[in-house]
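Everything on this sheet refers to the single structure shown next.
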Amino acid sequence: MKPVDWSSLFGQGAERIQASTIRELLKLTQRPGILSFAGGLPAPELFPKEEAAEAAAKLLRERGEVALQYGPTEGYAPLRAFVGAWLGVDPEEVLITTGSQQALDLLGKVFLEEGSPVLLEAPSYLGAIQAFRAYGPRFLTVPTGEEGPDLEALREALLRERPRFLYLIPSFQNPASGLMPLAKRQKLLELVTEAGVVVVEDDAYRELYFGERRLPSLFELARSAGYEGVIYLSSFSKILAPGLRVAFAVAPKEALKKLVQAKQGVDLHTPTLNQMLVLELLKEGLPARLERVRRVYREKAQAMLEALDSAMPQGVRYTRPQGGMFVWMELPEGVSSEELFQKAIAEGVAFVPGGPFFANGGGENTLRLSYATMDRARIQEGVKRLARALESLLPL
Ligand code: PMP
């Protein structure tokens, strides 16, 4: 076959799209016998398989002419109306996206260009870093922890520069598992309102809280305070099924219109059948389903914390998640989580080293553990293996 020099043809944007080192590492976690705390996948036992099978068959038979047809870019109108009613917003402000991942890319397309500043937490969601990076922005970062971002650092950053937006995950942050307390949400909002800066609030884990109730989102707080500068993202991936790729963005009409135009060129619209199916699944027994989802993750988190409490040596710090799917761990200064990763694989357990979650580097001694896909027994065994891997790296 006559070869083509592909790399001479790729555009500038393609240069910025790099294979993530993490994907290479994650390949190792697929080996047989490895207990993996690495993936960010939801618990498959929670997928509504039977309900989805029945609903899909019915939709195709009875409403196939809609389900199999092109639809509006903004999304299937009854699903937009459902989301509008659920969040208490005008359905005209709702855009259905092909996963929240697509919303992140659309935000990059609409707001970012070469060199434009964008502010995010360090660490932050890897998929967001990757989506934004494709547009060549300059990442400004503020440290974040169990109670969300450092507000002093944030204030200083906003004094120096006006980012296109601030990307935050205030509830059950991926990867650091933080939950920003209410008072801090209010302070943050005062800061951004005064600076007139836009916040993109990613609330992918909104329903996965372990306590009595959900804290109000930045979006809700901003709306009650009369500030329109919060764009809200959430998804059905964590409460129904990620494979359906149905999520939503809520934004004031002017911003939404641009996002819709951007989406039009990407995929015209999110698959109609999937949107209709999500709506059918939401209509039946949503409160009971959410209770179950929360209970399952709460129990798994508890199992992991019990195992860590009894097995982790001194000097290793980890978060106690109040929701979501992750525990974030910090090894003593100078101990490399990538080195630990190699030893852990040899012991038969995997996790994600934390470095790649820091857009501007750092975090070499951190790592993320997900408890979402494993049962109690395997969580206990995995943590034992992790402790064995740690033994050889930590000074006694
Ligand atoms: N945002 C965050 C914080 C996430 O953790 C994830 C998925 N792991 C996403 C967005 C993407 O979710 P979706 O399946 O809706 O694309």
Exercise. May I ask you to evaluate 6.51 cos²θ - 1.76 cosθ + 1.60, the Karplus curve with θ = phi - 60°, for each residue of segment 363-370 and list the ³J(HN,Hα) values in order in whole Hz, giving x for glycine and proline?
Key: x, 5, 9, 10, 7, 10, 10, 10
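For the pairs Lys343/Lys384; Lys238/Lys258; Lys27/Lys300; Lys49/Lys263; Lys187/Lys258; Lys58/Lys283, note any where the Cα-Cα span goes beyond 18 Å.
Distance filter (> 18 Å) returns Lys238/Lys258; Lys27/Lys300; Lys49/Lys263; Lys187/Lys258.
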Quiz item: What ranking, highest mean first, results for peptides 38-46, 135-143 when packing means the other Cβ atoms within 10 Å averaged over each residue?
Solution: 135-143, 38-46
Quiz prompt | Proximal charge balance of Met325 [Cβ under 10 Å; K/R count +1, D/E count -1] | solution = +3
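Rounded to the nearest 0.05, what FRET efficiency do Glu391 and Glu147 give with R0 = 41 Å and r taken as the Cβ-Cβ distance? Could you check? Working shown, then result.
On the way: r = 31 Å, r/R0 = 0.76.
With a Förster radius of 41 Å, E is 0.85.
Take every DSSP beta bridge whose two residues both sit in segment 68-281, then give the antiparallel share in percent to the nearest 5.
Numbers: 11 of 26 bridges.
Counting DSSP beta bridges with both partners in segment 68-281, the antiparallel share is about 40 percent.
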Quiz item: Whose amide H sits under 5 Å from the amide H of Leu35, counting only residues 5 or more places off or on another chain, with H placed in the peptide plane?
Solution: Val349, Ala350
Exercise. Collect residues whose amide H, placed 1.01 Å from N in the peptide plane, falls under 5 Å from the amide H of Val200; neighbours closer than 5 in sequence don't count.
Key: Leu166, Tyr167, Leu168, Ile231
Self-check item: Approximate spin-label separation Asp90-Tyr70, in nm, with each point projected 7 Å along Cα-to-Cβ
Solution: 2.7
Quiz item: Counting only DSSP beta bridges with both residues in the chain, what percent are antiparallel, rounded to the nearest 5?
Solution: 55
Quiz prompt | For the chain, calculated [θ]222 nm from helices alone, where every DSSP H run of n ≥ 4 adds -39500 (n - 2.57) | solution = -14000 deg cm²/dmol
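Calculate, in nm to one decimal, what Lys283 and Gln314 gain on full extension: separation in residues at 0.36 nm each, minus their alpha carbon distance.
Details: separation 31, 0.36 × 31 = 11.16 nm, distance 4.85 nm.
Extra length available between Lys283 and Gln314 comes to 6.3 nm.
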Quiz item: ³J(HN,Hα) across segment 164-175 via Karplus (A = 6.51, B = -1.76, C = 1.60, θ = phi - 60°), whole Hz, x for Gly/Pro?
Solution: 4, 7, 10, 9, 9, 10, x, 10, 6, 3, 9, x
Quiz item: Got a sec? Which residues in segment 325-350 would a label at Leu28 touch, if it sits 7 Å along Cα→Cβ and we count backbone N under 16 Å?
Solution: 336-350
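No value in this document is a laboratory result; all are computed from the given coordinates. Keep in mind that this is a model prediction, so the values were computed, not measured. Here the Cβ is made from the backbone with ideal geometry for all residues, glycine too, and neighbour counts use every protein chain on show.
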